[in-house]
1. What's the ranking of 57-63, 29-35 by average number of surrounding C-beta atoms within 10 Å, highest first?
2. State the label only: which of (i) 16.0, 55; (ii) 14.8, 42; (iii) 15.8, 46 corresponds to Rg and Dmax of the Cα atoms in Å computed from the shown model?
3. Given the DSSP H assignment, sum -39500 (n - 2.57) over each helix run of at least 4 residues in the chain and divide by its residue total; what's the result at 222 nm in deg cm²/dmol, nearest 500?
Amino acid sequence: MRSDSFSGATTRSLLGLAHNLELEGVEDEETWTALAALGCDIVQGYCLSKPLPAGEFAAWLRDRMLDELTAPTS
């Protein structure tokens, strides 16, 4: 999607569909950055975490929220 106009157009079209269905998912930081530039404002996928059982997810989410609350501000 970052290398040619056809792939970019396809990605933008699919992003609109995925956004409406809340299905955006990313595997790496570079893709997340590219999607954000296209207007993607929420993601899921391996870039954030591997699939987790519910109990592990609750702990992951709690830790992530604590990290955001204690992150230094610019």
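1. Values: 57-63: 11.3, 29-35: 15.4.
Most protected by this proxy first, the peptides run 29-35, 57-63.
2. Read-out taken from this structure: (ii).
3. Values: 3 runs with 43 residues, N = 74.
Result for the chain, helices only: -19000 deg cm²/dmol.
Values in this text are rule-based calculations from the coordinates and carry no lab data. Not measured: the values here are computed from a predicted model. Note that each Cβ is placed from the backbone with ideal geometry, even for glycine, and that neighbours are counted across all protein chains shown.
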